[in-house]
Structure formats: C-alpha cells, structure tokens
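Enquirer: For reference, the structure I am asking about is given below.
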Amino acid sequence: MDAGKEFVHIPVLFDECMEYLDIKPDGIYVDCTAGGGGHSSGILSRLSSKGRLISFDKDDEALATCRKKAESFPDKNWELVKTDFGRIAEVLQELNIEKVDGILADLGVSSHQIDTPERGFSYAMEGPLDMRMDETSPLSASVVVNTYSEAELTRIFRLYGEERFSGRIAAGIVRDRSKEPFTSTLQLAAKIASYMPAKARNEDQHPARRCFQAIRIEVNHELDAVEKLLHDGPRLLKEDGRMAVISFHSLEDRIVKEGFKSLESPCICPRDLPMCVCGRKPLGKAVTRKPVIAGKEEVKNNTRAHCCKLRVFERNDENNIWE
C-alpha cells in the first residue's frame, strides 16, 4: 500500500449535509468517515480558528490524503484519527471531549477503494480477494470465502446481501473451493453468477453485487460499527446538536431509520399500562421524516449517488435521564 497515493472520492449530498449540520463556526464536529476529505473540507471551511473537527478513517491512504489536504487549512483545528467509527465514544473520551455540536457519517465505500483493483472491492475489475478498509486487519475476503462454512456463508449472503439465492451460492462456493481456492475478484464474481438461475443473471445489476456487499460488510464488521455509532453518537451531541448519516443500501438505511425512531420513542413499558413508568424520554427528533436523496444533476455527475439516503437526527432534551 502506497500511503502517499491520492485518495479520490466525490462526497455525496455535500450541500445537503452542510445545510443539515447547521455548522456553528466555533463548534466541535466529528466526520466519522474522512475518505478523501470532501465532507471534512466543507466542515472546516465553515469553522473559525476556534472550531474543531475530528475525522476518523480506517484506511491509511485516506488519512494520508487528508493530512496533505490539511495544509490548505493551516489555521484550523483538524485532528485525524485512524479508527473505526464504532469507537466514537472511546476516542472522544481520550480527547477529553464530552459533547459535540455535530456528527457526520458517510457509510459508503469510497470511489477510490472501489476503483483501485488491488484493494479487491470490485466485482468488475480483476484483483485479489481482499476488501479490507484497514489493510492491517487479519480478516480478508479470501478468508471469508475460503474458510467459512456453508451455513456461515449462507447467513451472511442472506443477512448482509439480502440475496435470495444465498443457499445455492454458498453451496457452490464450498463445492468449488475444495478443488481450488478462490483467489481473485473476477473468478469469484463469475462463479457466483454461474450458481444463479439464468433469469436472475439477466437483472439490471451485476449478479455478484449482493454477495460482494455481504462479504465486504462481514470483513469490515460494518453493521456492528453502525449500530454502535447510532447508540453512542446521539448521546454525545450537545443540545440542538445534529447527527447526519448517509447510507447506500436498504439494510443500512433500515438500521439508521429504526435507530433514530427508537431515540424519538424510547418507552419500553407494556402497551396496556395507563402511563409510562420506565422513565425513558425522547432524546430528540428526526429532522428528516423521509430520507434526503440526490437530485438528478448530482446523479448525472456522480452515478454512485443514485442510491444514497441521508437521515438527520437532532438532540433536544439535555436533561434526558436514560443516556
């Protein structure tokens, strides 16, 4: 891995994120997924020298690009941390930050990662079976594909990829890897397609798309991190602070939607009780009743924006007792 390699990523819903975050010049903000620094740069440009931005990423190339970009903001307080955003509470505690004014999380895989064949994220380009966002992690796509049991593969394809042919695909992988291990992205993509019915192979999207998504989520423990972020993030907001989350597939969006909903309506009392006795009061409210999606012009200029959804939560109960 070349740590100095330029990490290019077009930030989606940029204007919408800046608007919904309602950035205060002297505020403290967290960008959970720094990427190429697109959203982070937007936040920084709206902060004064008294403001503060903490950006996370697990990818060394992303962090190297952001360090270079930081040279354009010499008077701004920008801290870069190599970490999973699921650790937001621990990192802020280490930085002696109790509460923040805003949190942004773009859950998508970056354009740079997809378009770099040797990273192994793409089913359309030849590369090794890798898919690690943190290249020091021991778990890679190769380990998942070549060592997971048929039952485990079926589970992740069904749960993380929502793949209706998960069982037959898992069985095919286990059968064929006994002859020779899977080593490349195109090899795996072609085999996945061959395991599916002919009708399914003629869908608009690539037949291996859902399984590649599932493997990537498993390799990077993505949904565990999202759930932890949704639990800890809103509780780290100041009064009127906002948390904005961009998701790229239905599974993530449902988790975000339900997470925000549970913060709005946290009561766990039985429905037949005449009044609430659990003491759980709303922590805030969802600012976006429906997800914000990219406009036609943005999708035209960045096709990967066509499936993104932005949801925003605002904290507005500083005396809540169930944090």
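Enquirer: Roughly how large, in nm² to one decimal, is the mean projection of the convex hull of the alpha-carbon atoms in region 1-90?
Expert: So the mean shadow area of the Cα hull is 5.8 nm².
Enquirer: Grab the DSSP H runs of the chain that are 4 residues or longer, score each as -39,500 (n - 2.57), total them, divide by all residues and round the 222 nm result to the nearest 500 deg cm²/dmol.
Expert: My calculation for the chain gives -11500 deg cm²/dmol from helical runs alone.
Enquirer: Next question, about the same structure. So for the chain, taking the charge dipole from beta-carbon charges (+1 Lys/Arg, -1 Asp/Glu), which of Leu310, Cys278, Ile169 sits furthest toward the positive end?
Expert: Looking along the dipole axis, the top candidate is Ile169.
Enquirer: Right, another one. Only four residue types carry charge here, +1 at the Cβ of Lys and Arg and -1 at the Cβ of Asp and Glu. Report the dipole size of the chain about the Cα centre in Debye, rounded to the nearest 20.
Expert: Computed charge dipole of the chain: roughly 980 debye.
Enquirer: Moving on. Averaged over all directions, how much area does the convex hull of the C-alpha atoms of the chain cover when projected, in nm²?
Expert: Its Cα hull, projected and averaged over all orientations, spans 18.6 nm².
Enquirer: If you don't mind, there's one more thing I want to ask. Treating each Cα of region 160-219 as an identical point scatterer and ignoring solvent, apply the Debye formula and state log10 I(q)/I(0) at q = 0.20, 0.23 Å⁻¹.
Expert: -0.74, -0.99
Enquirer: Which three semi-axes in whole Å describe the equivalent ellipsoid of region 218-316, each the square root of 5 times a Cα gyration tensor eigenvalue, listed largest first?
Expert: Equivalent ellipsoid of region 218-316: 29, 15, 13 Å, largest first.
Enquirer: How much accessible area per residue does region 9-98 have, counting only protein heavy atoms and a probe of 1.4 Å, in square angstrom?
Expert: Per residue, region 9-98 has 43 Å² of solvent-accessible surface.
Enquirer: Which GluC sites (Glu not before Pro) from region 191-262 combine a DSSP loop assignment with at most 11 other Cβ atoms within 10 Å?
Expert: Glu203
Enquirer: How large is the dipole of region 1-141 about the Cα centre if only Lys and Arg carry +1 and Asp and Glu carry -1, each at its Cβ, rounded to the nearest 20 debye?
Expert: Roughly 360 debye for region 1-141.
Enquirer: Would you please name the GluC sites (Glu not before Pro) within region 55-155 that are DSSP coil residues with at most 12 other C-beta atoms within 10 Å of their C-beta?
Expert: Listed in order of number, the matching sites are Glu98.
Enquirer: Let me ask something else. Taking every pair of alpha-carbon atoms in region 29-185, what share in percent sits in each 5 Å bin, from 0 to the bin with the longest distance?
Expert: 2, 8, 15, 16, 16, 12, 10, 9, 6, 4, 2, 0, 0
Enquirer: Sticking with this one: Got a number for carbon plus sulfur as a percent of the chain's accessible area, 1.4 Å probe?
Expert: Answer for the chain is 51 percent, counting heavy atoms of protein chains only.
Enquirer: Right, something else. Could you state how much accessible area Thr147 has, in square angstrom rounded to the nearest 10, with a 1.4 Å probe and all protein chains kept in place?
Expert: 90 Å²
Enquirer: Find, among the trypsin sites (Lys or Arg not before Pro) in region 234-323, those assigned to loop by DSSP (not H, G, I, E, B) with at most 13 other beta-carbon atoms within 10 angstrom.
Expert: Arg271, Arg289
Enquirer: Percent antiparallel among DSSP beta bridges with both residues in the chain, to the nearest 5?
Expert: Antiparallel bridges make up about 40 percent of those DSSP assigns within the chain.
Enquirer: At a probe size of 1.4 Å, how large is the accessible area of Ser178, to the nearest 10 Å²?
Expert: My reading of the accessible area for Ser178 is about 90 Å².
Enquirer: Then there is this: Under the rule of at least 5 residues apart or a separate chain, name every residue whose amide H is placed under 5 Å from the amide H of Lys58.
Expert: For Lys58, whose amide H was placed from the backbone, the distant partners under 5 Å are Thr83.
Enquirer: Related question: Would you mind checking the tilt of helix 150-161 against the longest principal axis of the Cα atoms of the chain, expressed as 0 to 90 degrees and rounded to 10?
Expert: Roughly 50 degrees between the two axes.
Enquirer: Explain nothing, just compute: Karplus ³J(HN,Hα) = 6.51 cos²θ - 1.76 cosθ + 1.60, θ = phi - 60°, for every residue of region 202-210 in order, whole Hz, x for Gly and Pro.
Expert: 9, 5, 4, 8, 4, x, 8, 4, 5
Enquirer: Given springs between every Cα pair under 10 Å in a Gaussian network model of the chain, which of Asp240, Asp22, Asp204 has the largest fluctuation?
Expert: Of the options given, Asp204 has the highest mean-square fluctuation.
Enquirer: How much accessible area per residue does region 239-323 have, counting only protein heavy atoms and a probe of 1.4 Å, in square angstrom?
Expert: Normalised by residue count, the accessible surface of region 239-323 is 59 Å².
Enquirer: What are the ³J(HN,Hα) couplings of region 241-254, residue after residue, when phi is run through the Karplus curve with 6.51, -1.76, 1.60 and θ = phi - 60°? Round to Hz, x for glycine and proline.
Expert: x, 10, 10, 10, 10, 9, 10, 10, 8, 4, 5, 4, 4, 5
Enquirer: Once Rh is set to the Kirkwood radius over Cα pairs, what Stokes-Einstein translational diffusion coefficient, in µm²/s, holds for region 77-116 at a temperature of 20 °C and a viscosity of 1.002 mPa s?
Expert: 174 µm²/s
Enquirer: Further, regarding this structure: Tell me the angle of helix 166-177 to the major Cα principal axis of the chain, expressed in degrees between 0 and 90 and rounded to the nearest ten.
Expert: 50 degrees
Enquirer: Consider a paramagnetic label point 7 Å from the Cα of Glu126 along Cα→Cβ; state which residues of region 168-186 have an amide N under 11 Å from it.
Expert: Flagged as within label range: 185-186.
Enquirer: Amide H to amide H under 5 Å from Asp317: which residues, 5+ apart in sequence or cross-chain, H placed 1.01 Å off N in plane?
Expert: Correct list: Asp240.
Enquirer: Rounded to the nearest whole Å², what accessible area per residue is found for region 120-214 with the 1.4 Å probe?
Expert: That works out to 47 Å² per residue.
Enquirer: Relative contact order for the chain using alpha-carbon pairs under 8 Å, separation at least 6, rounded to a whole percent?
Expert: 17 percent
Enquirer: How much accessible surface area, in Å² rounded to 10, belongs to the heavy atoms of Cys276 with a 1.4 Å probe?
Expert: Spelled out: Cys276, probe radius 1.4 Å, area about 60 Å².
The values are calculated or read from the model by the stated rules, or taken from the named source; none is laboratory data. Since the structure is predicted, the reported quantities are computational estimates derived from the model, not experimental observations. Reconstructed Cβ throughout: ideal geometry from the backbone, glycine too, with neighbour counts over all protein chains shown. In case anyone asks, the SASA skips ligands and DNA or RNA and just uses the protein heavy atoms, side chains included. Shrake-Rupley method; radii C 1.70, N 1.55, O 1.52, S 1.80 Å.
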